[in-house]
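> For reference, the structure I am asking about is given below.
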Amino acid sequence: MLFKQLVGKYECSFHARLTKSEKKGSIIASTFLVGQCYKGKDFIMQLKQSNILVAGATGTIGKSIAKQLIASGAQVFITGRNHDKLVQIATELGLPAGQFFAADLTKAEDVEALRASFFTRFSQIDVLVNASGIGIIKSMETLTEGEFLKTIHVNLLAPFLLVKAFLPAMKEVKKGLFIHIPGVLGKVPMAGAAAYCASKYGLTGMLQSIREEVKRTEIRFTNLYLGGVDSAFWDTIDLRVQRDKMIVAEEAARAVWFLCQQPTSGVVSEMVLQPFNHQAI
């Protein structure tokens, strides 16, 4: 089922997929609940005491997500590759020393150390939000093999390692939520983005396959397809873009906040959030 919702001044669409065992009446009730996520205080209560890992928290979007979730009462643990920047952000967010850990998510040993650190602090994980990623936008003539592989490692291998590390804990309790951000280029290709599109299309396919493995549990996989977000992502990309008309990071974070509060009777499998002036999907 496709629904539309306004997130700030942007239009977003999302799909709610329900399990086969549910009756039609349940579908109607659950979609109503999803549509009320921004309005009801009861949904804010759902986040209180939830244990949430935010990967990529040193980025503009990741930091905004962590800030939004903390303000809603969630117990947030953050990670990022740059240790000094992570410490700075943790301090700004008011997180204690045990709730952040620097890690290179493309390395299995770092992800395992992250997992151990997280479960030293919390007994279970309720939500994993992966906001990490890299964007190398170059034509085939200028794109190097090294840049292609780096993009695949950060945007595809790292999410694989994160899911592999934290999925077993969710399987033990048969519930949990993974939120990844493939971006609209994980659905619609763009010229000059071969590496980026390959990594994001691959991410989408991988997550859909894993979702099939756990569909008889209450473990949810949700993909957030963001359009242009005004962030540091664009600082090193040689493209003419209208950053003043892009989605602001705080609105992207609110979309994640929305997705963290899904009804018990169904799953929001994907959401698309893009600027009005550049709707690719």
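> Using θ = phi - 60° and the Karplus form 6.51 cos²θ - 1.76 cosθ + 1.60, what ³J(HN,Hα) does each residue of segment 254-265 get, whole Hz, x for Gly and Pro?
Along segment 254-265, the couplings run 5, 5, 5, 3, 4, 5, 6, 10, 8, x, 5, 8 Hz.
> Any chance you could run the full-extension gain for residue 140 through residue 83? It's 0.36 nm times the residue separation minus the Cα-Cα distance, nm to one decimal. List each step's numbers first, then the result.
Values: separation 57, 0.36 × 57 = 20.52 nm, distance 3.34 nm.
Difference between extended and current length: 17.2 nm.
> Between residue 174 and residue 191, what is the label-point separation in nm under the 7 Å Cα-to-beta-carbon projection?
Inter-label distance under the simple model: 5.2 nm.
> Which one, 274, 98, 223, is farthest towards the positive end of the dipole of segment 54-274 when Lys and Arg carry +1 and Asp and Glu -1 on their Cβ?
223
> Using the Karplus equation 6.51 cos²θ - 1.76 cosθ + 1.60 (θ = phi - 60°), what ³J(HN,Hα) coupling, rounded to whole Hz, does each residue of segment 136-143 give in order, writing x for Gly and Pro?
10, 9, 9, 6, 4, 5, 9, 6
> Which cross-chain or sequence-distant (5 or more) residues have an amide H under 5 Å from the amide H of residue 219, H modelled 1.01 Å from N in plane?
176
> Arranged by the count of other C-beta atoms within 10 angstrom, fewest first, what order do 153, 180 take?
Least crowded to most crowded, the residues run 153, 180.
> Under a point spin-label approximation (7 Å from Cα along Cα-to-Cβ), what is the residue 216-residue 121 distance to one decimal in nm?
Taking the simple label geometry, residue 216 and residue 121 are separated by 3.5 nm.
> Still on this structure, please answer the following. Amide H of residue 106: which non-local residues (sequence gap of 5 or more, or other chain) have their own amide H closer than 5 Å, using H built in the peptide plane?
none
> Is the C-alpha gyration tensor of segment 54-274 telling us rounded, prolate or oblate? Criteria: a/c under 1.5 is rounded; beyond that, a/b larger than b/c is prolate, otherwise oblate. All intermediate terms of the calculation are to be shown ahead of the outcome.
Working: a/c = 1.43, a/b = 1.29, b/c = 1.11.
Verdict is rounded for segment 54-274.
> For the ranges 126-138, 166-178, what's the packing order if you count other beta-carbon atoms within 10 Å of each residue, average per peptide, and put the highest first?
For the peptides 126-138, 166-178, the packing ranking is 126-138, 166-178.
> What is the packing order of peptides 142-149, 86-93, taking the mean over residues of other C-beta atoms within 10 Å and listing the highest first?
86-93, 142-149
> I need to check one value: relative contact order of segment 54-274, counting alpha carbon pairs closer than 8 Å and at least 6 residues apart, in percent.
For segment 54-274, the relative contact order is 21 percent.
> State the extension gain, in nm to one decimal, for the chain segment bounded by residue 97 and residue 112, taking 0.36 nm per residue of separation less the distance between their alpha-carbons.
Roughly 3.5 nm would be gained on extension.
Coordinate-derived values only; no laboratory data. Since this is a predicted model, take the numbers as computed values, not measurements. All Cβ positions, even for glycine, are placed from backbone atoms using ideal geometry, and neighbour counts span all protein chains on display.
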